[in-house]
Every structure is written in C-alpha cells, then in structure tokens.
Amino acid sequence: MDKWLGEEGSIAVLMPVHNAEAYLREAMESILTQTFENYSLIVVDDGSCDSSWSIIEEFQDKRIVKIRLPESKGIVNALNTALDVADTEFVARMDADDTARSDRFEKQVAFLESHPEVGVCGSSINMIKGGLSCYVRYPENHDEILCSLAIFKRSFCHPTVMIRRSLLEGLKMRYTDDYRHAEDLSLWHALVRETKFYNLQEPLLAYRVHTEQVSSFCKEEQIRQTRDLLNRTVPKYFPSLSAQTRNDLLTLITPEKNPKRDDVKQIDLPELYARMEVANRDDKLAEPEIFNGVLLAKFLEAVFKRYLGFRNTAFVLVRVLRKNPGLFLNDVSRLFLHVRHHLPSVGAR
C-alpha cells in the first residue's frame with residue numbers, strides 16, 4: 001500500500017472507525033473544515049457492519065485516504081494500519097464519535113513548531129453527555145503529566161493528541177495489543193521518558209460520552225488491563241514502595257467493576273496519602289509541590305467515586321458548583337487541610 005507523502009509541517013490524521021454511523025459524518029466534517037490545510041485524513045473502517053463505509057464513501061475530498069478492512073481486528077490494528085500508510089511530520093489522532101474545533105491543528109502545529117523539545121501535544125476538552133457539556137482540564141506541563149501517569153490520573157485525551165512522527169519511527173514504536181483497550185496509556189508510559197509532553201489548555205475537541213463507546217461496553221476488561229499495566233509501571237516510578245502500599249494504591253485507583261466496598265474502606269487514606277508523598281520524596285519523580293497537587297486531586301476523585309458512588313466527577317462538580325460554589329470549595333479546602341494536619345507518622349513503606 002502506498003504511503004501518503006507529506007511535506008514539512010504536514011499531518012496524518014488517524015481515524016479508526018467501527019460501527020460509528022451515528023456520529024461519523026460530523027466527526028469527518030470537523031476535520032475537513034480545519035483552518036490548517038496541510039493534512040491527510042486516513043480513515044480505516046475496521047470491518048463495520050452498519051452504514052459507516054457508505055458514509056465514508058460519500059466524501060470525495062482528495063485529502064481523505066479510505067481503507068476498508070474486511071473483518072474487525074480491533075482499534076490497535078486499525079491504528080497501525082493507518083500509521084503504515086502515512087509519512088508526515090506529525091501524526092494526529094481523531095475518534096469517529098468526536099468533533100474537533102476548527103483551529104485545533106493550527107494551534108497544535110504552531111505549538112510544536114515553536115517547542116521542539118515537546119514530542120506529544122494534546123489539549124483539554126469539552127465533554128458532552130446528553131444535553132450537558134462541561135470543560136475538562138488536562139494537566140498542562142510535562143511534570144504534571146508525568147505525575148498523572150504515575151498514579152493513573154487524567155493525563156492525555158487520546159483523540160486530542162498530535163505526535164511527532166520521527167519520535168515513533170526513531171523508537172520503532174507502534175500501538176500494542178499487550179494491554180487491550182489501554183493501548184494509549186501503554187504508549188504514553190513508553191514515550192514519557194523519551195520526550196516532553198504538553199497539553200494546550202483550550203478545549204480543542206468535543207468528546208462525546210455514550211453507551212456504544214469502548215470505555216462503556218468494555219469497561220471491565222479495560223480496568224483489568226489498566227491494572228496489569230500499572231502493576232508493571234508503578235514500581236518503575238516508585239521503586240521504594242512496598243508491595244502492600246502498591247496494592248493499596250492499585251485497589252483505590254483501579255478497583256474491580258463491582259468492588260466490595262469493605263476492600264476500599266479498609267485502606268487508611270491519610271496513611272496511604274502520606275506514604276505516596278514520602279515515596280515521591282525518596283524516588284524523586286517530581287518536585288513535591290507538583291506531585292502533591294496531582295496526588296491530592298487524585299485522592300479527591302477516588303473518595304468521590306468509591307464512597308459517594310459518582311461515576312463522573314466532572315459532571316457532578318459542574319452541578320454542585322452551579323448551586324453553591326463558594327460553600328463547596330470552602331468545605332473541600334477545610335476537609336483536606338484537616339486531613340493533612342492529622343496525617344499519621346509514616347514508618348516503613
């Protein structure tokens with residue numbers, strides 16, 4: 001199969017498609033109306049059995065490369081098929097159920113060209129669920145993203161990412177099926193020591209939440225694969241952690257689909273929080289001020305999700321903040337000041 005050859009500053013947009021007829025046309029149009037024009041949209045139909053391929057065929061734009069796979073082999077194979085076709089300076093991701101802001105590529109290319117040390121650039125998003133939309137911030141600089149990866153906090157929104165193609169070629173990297181449904185997280189862990197990461201704070205993508213997406217109907221397997229991946233990566237970030245502390249951390253941040261609440265409630269949260277602070281101090285992952293801020297945010301999310309049953313903290317916070325933002329923020333601040341003040345002494349980890 002011939003490669004799509006692009007000049008300096010060109011982008012190959014990788015869009016895997018599988019039974020995405022409901023949103024596909026809107027997603028493709030959001031790419032074809034970009035203010036930045038030097039790109040190719042590589043659409044890989046991964047054995048769809050709905051009208052997705054017919055919708056793809058409707059578009060006659062010369063910038064579209066259309067690939068139809070006879071049977072579905074999963075998103076990793078579809079992404080790698082698209083990667084094998086493109087030979088461009090940058091590779092961008094896009095999902096078939098999201099929409100990109102018209103200036104997304106213009107903003108990302110401008111940033112990468114002015115920051116040669118950065119190899120991966122994403123952005124914050126507007127999350128859409130039903131009739132509700134809210135801004136979701138992703139960590140901005142490299143150290144924030146590194147800390148977020150280490151403790152499985154929000155680091156990148158995969159369909160917002162743009163990567164330097166030379167980085168993938170130089171490291172001979174592709175997406176891997178080793179951690180199915182966590183292929184993006186696996187790639188970030190592989191790349192984080194090789195280049196700098198960055199997220200633009202503007203919401204350059206509208207991310208749609210619905211019941212047909214992989215993160216919904218493959219949730220149980222996704223959590224299991226993520227836990228397996230973190231079991232391998234956490235010791236690399238925090239070699240001083242004991243096995244028990246590592247297990248407590250994984251239980252808190254990647255619980256089973258239907259966990260026994262007692263398993264989580266048995267964890268001494270202030271103690272675990274303090275042990276993680278000490279681990280960062282000893283293992284020197286990041287400056288304490290940065291790490292502690294990410295850690296505190298992660299623990300707040302974990303408390304909401306495990307003890308209050310909130311499935312999506314972002315939308316819960318939007319509702320709460322609309323009602324009484326001053327009181328809510330005051331209560332949260334007082335809560336964590338109290339927790340930090342009464343942290344138990346930390347012994348062997």
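Does A82 qualify as being part of a loop (DSSP other than H, G, I, E, B), buried (at least 18 other Cβ atoms within 10 Å of the Cβ) and in the same structural domain as E202 (by TED's automatic domain parsing)?
Criteria not met by A82.
Among residues of the range 132-151 being of a type in the set (S, T, Y) and more than 12 Å from the chain's Cα centre (by Cα), the one that is farthest from Y237 (Cα to Cα) is S133.
Going through (1) outside any loop (DSSP other than H, G, I, E, B); (2) at pLDDT below 60; (3) under 23 Å from Y135 (Cβ atoms) one by one, R340 falls short only on (3).
If we only count helices (runs of 4 or more DSSP H) wholly inside the range 231-323, which ones have 2 or more residues that are assigned by TED's automatic domain parsing to the domain that holds H210, modelled with pLDDT under 80 and closer than 30 Å to K129 by Cβ? Give the derivation first.
Numbers: elements: 243-253, 261-265, 269-283, 288-307, 313-323.
Filter on the range 231-323 gives an empty set.
Of all residues in the range 175-193, how many are assigned to a loop (DSSP other than H, G, I, E, B) and surrounded by fewer than 15 Cβ atoms within 10 Å (Cβ to Cβ)? Walk me through how you get there before you give the answer.
Step one: filter the range 175-193 for residues assigned to a loop (DSSP other than H, G, I, E, B), giving 175-176, 180-182, 192-193.
After this cut, where a residue has to be surrounded by fewer than 15 Cβ atoms within 10 Å (Cβ to Cβ) as well, the list is 176, 193.
Here the count works out to 2.
Would you check if A20 is in the same structural domain as A206 (by TED's automatic domain parsing), out of contact with any helix residue (DSSP H, G or I) (no Cβ under 7 Å at 6 or more places or on another chain), touching a residue at least 12 places away in the same chain (Cβ under 8 Å) and within 26 Å of I128 (Cβ to Cβ)?
Details: in the same structural domain as A206 (by TED's automatic domain parsing): yes; out of contact with any helix residue (DSSP H, G or I) (no Cβ under 7 Å at 6 or more places or on another chain): no; touching a residue at least 12 places away in the same chain (Cβ under 8 Å): yes; within 26 Å of I128 (Cβ to Cβ): yes.
Taking the combined requirement at face value, the residue does not satisfy it.
Taking the stated definitions as given, is I42 in a strand (DSSP E or B), over 16 Å from I11 (Cα atoms) and hydrophobic (A, V, I, L, M, F, W, C)?
no
Restricting G122, G74 to those that are touching a residue at least 40 places away in the same chain (Cβ under 8 Å), surrounded by 15 or more Cβ atoms within 10 Å (Cβ to Cβ) and within 30 Å of Q201 (Cβ to Cβ) reduces the list to G122.
Please work out which residue is nearest to M162 (Cα to Cα), limiting yourself to the range 86-109 and to residues that are among the charged types (D, E, K, R) and assigned to a loop (DSSP other than H, G, I, E, B). Talk me through it step by step, then tell me what you get.
Here is the first cut: in the range 86-109, the residues among the charged types (D, E, K, R) are 87, 89, 93, 95, 97-98, 101, 103-104, 106-107.
Narrowing further to those that are assigned to a loop (DSSP other than H, G, I, E, B): 89, 95, 97-98, 101, 103.
Working: E89: 10, D95: 13, D97: 18, D98: 16, R101: 14, D103: 14 Å.
Ranking the qualifying residues of the range 86-109, first place goes to E89.
Please find, within the range 130-174, the residue that is surrounded by the most Cβ atoms within 10 Å (Cβ to Cβ) out of those that are of a type in the set (A, V, I, L, M) and farther than 28 Å from D87 by Cα.
Here the residue is A150.
Would you call G130 among the small types (G, A, S) and touching a helix residue (DSSP H, G or I) at 6+ places or on another chain (Cβ under 8 Å)?
Values: among the small types (G, A, S): yes; touching a helix residue (DSSP H, G or I) at 6+ places or on another chain (Cβ under 8 Å): no.
The answer is no for G130.
Taken as a whole, the structure leaves N38 outside the set of residues that are over 18 Å from M162 (Cβ atoms) and in contact (Cβ under 8 Å) with a residue 24 or more places away in the chain.
Give me a count of the residues in the range 152-182 that are of a type outside the set (S, T, Y), within 13 Å of the chain's Cα centre (by Cα) and under 25 Å from N247 (Cβ atoms).
At the first step, the residues of the range 152-182 found to be of a type outside the set (S, T, Y) are 152-154, 156-159, 161-165, 167-174, 177-178, 180-182.
Add one more test, that the residue is within 13 Å of the chain's Cα centre (by Cα), and what stays is 152-154, 156-159, 161-162, 181-182.
From what's left, under 25 Å from N247 (Cβ atoms): 152-154, 181-182.
The number of residues fulfilling the criteria is 5.
Among the residues of the range 29-39, which ones are in a loop (DSSP other than H, G, I, E, B) and either under 16 Å from A82 (Cα atoms) or modelled with pLDDT under 95 (or both)? Residue satisfying the conditions is E37 alone.
The values are calculated or read from the model by the stated rules, or taken from the named source; none is laboratory data. From a predicted model like this one, the values you see are computed outputs, not experimental measurements. We place every Cβ from the backbone using ideal geometry, glycine too, and count neighbours over all the protein chains shown.
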